[in-house]
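Peer 1: The structure is given below, and queries will be raised subsequently.
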Amino acid sequence: MRAIKIQNVSKSYNQELILDDLSLNIPSGQFFTLLGPSGCGKTTLLRLISGLETVDSGKIFLGDEDITYQPAYKRRVNTVFQQYALFPHLSVFDNVAYSLRIKGVSEKIVRHKVLHLLAIVRLAGREFKEIKNLSGGQQQRVALARAIACEPEVLLLDEPLAALDFNLREQMLIELMDLQEKFKTTFVYITHDQSEALTVSDSMAIMNHDGQIEQIGTSEEIYEFPSSCFVANFVGNTNIIEGVLYIRDNQIEFKVDGLGDFWVFVPKKKSWMVSGRKVFMSLRPEKILISKKKMENFSNHLVGTVLNVVYKGRSTLYKVRLKNGKLILAFEQNEEHFPQQEDICAQDEVNLYFQKENIVLLER
């Protein structure tokens, strides 16, 4: 397997700039995700890697090989599209065998390989089924088997689960991870669904609305330590609170805007932290303990009034208004082994407790 290197790539459509001087390294053998909002240029980047589009400027490398202007059929790269692009007039077997036959592989090897792949994607015994008689999940498995048949070095997946219902999507995510682990192929997965990205990725790149890379890292790094307000807001839910940073007697404190002389203790100092500077504080809803009781074992707390209580099955969501008007979200898990939960209702005054280690400070 070889790594993919995107070097200063730009691309426009009808004089509209989609990608602007973008650079990105995708490690070999990883399940790598491009996560970003619709229209940010994810699919455009995928089409440039596959050779379905050509760059306006910049370079694309597969290992040390410059494939920038190499025809798509010469690249050891295959794509699974959102709509699968299967041949409706061919059987399951013939769809998977198609690319092998185009390459002139002997029919004996074709049969052995296709049946082996169909067994791996749990379609054994369905090789002569018509495509129209398959479910969405089965069609997606056919598309995956067909894409893997020619043993590409890179498999590009353009929102392949978008057409599936929630339960099937969760099941297929696990199967995709199993396939990637089995074949050790580099998977480049495109999605705007944060939960999908967090589930499958060895590492990921977050793209913003302007087609720029905001942050690259593992799922845990992206979620726990976002580098910007965009990343913090886009990957999961978070509370963004404005305030001023103060450094006094080696103690780093954050004064929340609009709450008077109210301070929050924050984590260790970073190089950009300057006393008196306006910054943002990111605090995940699940890092907050909501209670009507007074507690002493938390480094920080805020006080507010409950506006809404939303039961979500595995958790309950509380929307709380602080005295400065800021709305805060807090999650509470609904688990039997958890201590008895308080009966918290709309209009109750509550304390929102959190530790300083759960705070991420972000530059304005």
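The values are calculated or read from the model by the stated rules, or taken from the named source; none is laboratory data. This one's a predicted model, so the numbers in the text were calculated from it and none came from an experiment. Positions of Cβ are backbone-derived with ideal geometry, glycine not excepted, and every protein chain shown enters the neighbour counts.
Peer 1: Name the residue, out of Leu34, Leu48, that is surrounded by 17 or more Cβ atoms within 10 Å (Cβ to Cβ) and in a helix (DSSP H, G or I).
Peer 2: After ruling out the rest, the residue left standing is Leu48.
Peer 1: State whether one or more residues within segment 206-213 are closer than 18 Å to Gln30 by Cα, touching a Phe, Trp or Tyr at 6+ places or on another chain (Cβ under 9 Å) and part of a strand (DSSP E or B).
Peer 2: Among the residues of segment 206-213, at least one is closer than 18 Å to Gln30 by Cα, touching a Phe, Trp or Tyr at 6+ places or on another chain (Cβ under 9 Å) and part of a strand (DSSP E or B), which makes the answer yes.
Peer 1: Which strands (runs of 3 or more DSSP E) sit wholly inside segment 262-364 and have at least 2 residues that are touching a residue at least 12 places away in the same chain (Cβ under 8 Å) and polar (S, T, N, Q)?
Peer 2: Of the strands (runs of 3 or more DSSP E) lying wholly inside segment 262-364, those with at least 2 residues that are touching a residue at least 12 places away in the same chain (Cβ under 8 Å) and polar (S, T, N, Q) span 300-311, 315-322.
Peer 1: Filtering segment 278-297 down to residues that are surrounded by 15 or more Cβ atoms within 10 Å (Cβ to Cβ) and of a type in the set (A, V, I, L, M, F, W, C), which residue is farthest from the chain's Cα centre (by Cα)?
Peer 2: Step by step, filter segment 278-297, then rank; the result is Ile290.
Peer 1: (1) within 12 Å of Val92 (Cα to Cα); (2) in contact with a Cys (Cβ under 8 Å, 6 or more places away or on another chain): which one isn't true of Asn208, the others all being true?
Peer 2: (1)
Peer 1: Something else about it: Would a scan of segment 322-343 turn up a residue that is loosely packed, with under 11 Cβ neighbours inside 10 Å and under 25 Å from Phe230 (Cα atoms)?
Peer 2: Yes - at least one qualifying residue is present in segment 322-343.
Peer 1: Which numbered condition trips up Ser195, out of (1) within 13 Å of Leu35 (Cβ to Cβ); (2) crowded, with 16+ Cβ neighbours inside 10 Å?
Peer 2: (2)
Peer 1: Okay, moving on. Would you mind finding the one in Ala232, Ala197 that is in a helix (DSSP H, G or I), of a type in the set (A, V, I, L, M) and under 25 Å from Thr79 (Cβ atoms)?
Peer 2: Ala197
Peer 1: Right, something else. Go through (1) touching a Phe, Trp or Tyr at 6+ places or on another chain (Cβ under 6 Å); (2) exposed (fewer than 14 other Cβ atoms within 10 Å of the Cβ) for Ala119 and report which single condition fails.
Peer 2: So the condition that Ala119 fails would be (1).
Peer 1: Sticking with this one: Report every pair of residues separated by at least 6 positions or lying on different chains whose Cβ atoms are under 7 Å apart, first residue within segment 113-134 and modelled with pLDDT of 90 or more, second buried (at least 18 other Cβ atoms within 10 Å of the Cβ) and aromatic (Phe, Trp, Tyr).
Peer 2: Listed pairs, sorted by first residue: Val114/Phe93; Glu127/Phe93; Phe128/Phe93.
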